[in-house]
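What follows is a set of notes on a single structure, which appears directly below.
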Amino acid sequence: MSWLYEPEPGQNDLDETDVRVRPNPKGNKPRTKKRPEYAEAPLGLVLGVDVGRYRVLIDGEDRVVNATMGKELRKTGAVVGDRVALAGDTSENEGALARVVRIEPRTSLLRRSADDSDQVERVIVANATQMVIVVAIANPEPRTRLIDRYLAAAYDAGLKPILVITKTDLANPDDFLANFAGLSIPVVLNRSDKPALPQLRDLLAGQTSVFVGHSGVGKSTLVNSLAPHAMRATGGVNVVTGRGRHTSSSVRAIRLDESFNGGWIIDTPGVRSFGLGHVKPENLLRSFEDLYQVIETCPRDCSHSADAPDCALDEAIEEGTLGTSGAARVDSLRRLIQSIANNSSE
Ligand SMILES: Nc1nc2c(ncn2[C@@H]2O[C@H](COP(=O)(O)OP(=O)(O)OP(=O)(O)O)[C@@H](O)[C@H]2O)c(=O)[nH]1
Ligand SMILES: [Zn+2]
């Protein structure tokens, strides 16, 4: 249920030193009775989740342990990127199973709905700082609206978006990129025979970057070029259960090498759709930053949809102030507004 995942006010400001004496802004009862008991529990990072089993990298050690969710946390569940406290058998011994007894406050949450009318959201990744949107310039043909969806999800989650255009050996990306000229997001042009490693390194250094993209765009190829050691470091997807491919999620965290200054990639191969049912309309508008100045001049309570009277977007298109891609951008925004309209009326 969505409310379980809502960050509390002020939560984003907390760091590890706040864990033991977390101030309770509302002064009501503490969230978990168990907290003092597990104050010394080792902390770790969730690298992967497989049918209720978690692979957790213990802080300060190069040790990945298997864990299950403690009883009181089972409904909430943890996701890749979560920082968790462990009790029980935290050894790497065969058959050892630790227990997650606490999930640390999250600094960000990337969610998606099954589709735009679905308000039951699924949390995909916790604590990421940016979203790398991977799109091929050809094969498969890029779709600007899909990128708009990703951008809306990124802004809603508080993640900084970065656009990586792959397969630039196949076509010239200039025309396509004109669609996003008004956005202040970094764009990296990449081709597998000459990966743009220095530029990517600059952008990914010290960050936790969620990689998203449609099937076939070359995301795996890109991730492999950035983290050739990935399989070894993360232990692969099915190590925990050893049970074939029945993974509940193949999302996994991959540590980048030292040249990335503590940077991580979170790959999301299983994530096919990006429903925006949970996205707040104001976050959607913010993701169209090139239109935002115009939107601010709209009448109060303007819905900005195609039938909205006196929407300043229509005027701006007529006057040509939004550039050549202006009409297409407005069209994309309006489709997304329409898609999440059911949601916002409740
Ligand atoms: N020409 C060209 N082909 C590429 C490039 N990058 C990847 N490919 C090819 O595109 C195809 C898809 O690449 P993947 O890396 O498997 O794509 P993916 O996005 O991970 O796709 P899924 O595995 O379906 O999620 C493969 O045949 C790659 O060899 C590139 O820069 N140029
Ligand atoms: Zn408007």
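All of the numbers you see were taken from the coordinates with simple rules; none came from a lab. Since the model is a prediction, treat every value here as computed from it, not as a measurement. Cβ placement follows ideal geometry from the backbone for every residue including glycine, while neighbour counts extend to all protein chains displayed.
Using a cutoff of 8 angstrom between alpha carbon atoms and counting only pairs six or more residues apart, the relative contact order for segment 88-189 works out to 23 percent.
State whether segment 282-344 is rounded, prolate or oblate according to the following rule on the C-alpha gyration tensor (a ≥ b ≥ c being the square roots of its eigenvalues): a/c under 1.5 gives rounded; otherwise a/b larger than b/c gives prolate, and the remaining case gives oblate. Because a/c hits 1.5 or more and a/b exceeds b/c, segment 282-344 counts as prolate. Compute the signed sum of charges (Lys and Arg +1, Asp and Glu -1) over the other residues within less than 14 Å, Cβ to Cβ, of GLU258. Net local charge, GLU258 excluded: 0. What net charge is computed for the residues neighbouring LEU57, neighbours being all others with C-beta under 9 Å from the C-beta of LEU57, Lys and Arg scored +1, Asp and Glu -1? Summing Lys and Arg as +1 and Asp and Glu as -1 gives 0.
ALA136 sits among other residues whose Cβ lies under 12 Å from its own Cβ, and their net charge, with Lys and Arg +1 and Asp and Glu -1, is +2. Between the C-alpha center of segment 169-223 and that of segment 275-296 there is a gap of 23 Å. Relative contact order of segment 282-344: 30 percent, from C-alpha pairs under 8 Å at least 6 residues apart in sequence. Taking label points 7 Å from Cα along the Cα-to-Cβ direction, SER273 and LEU43 give a separation of 3.7 nm.
Straightening the chain between THR68 and ARG145 buys 23.8 nm, computed as 0.36 nm per residue apart minus the Cα-Cα spacing. Report note on the peptides 157-168, 327-338: ranked by the mean count of other C-beta atoms within 10 Å, highest first, their order is 157-168, 327-338.
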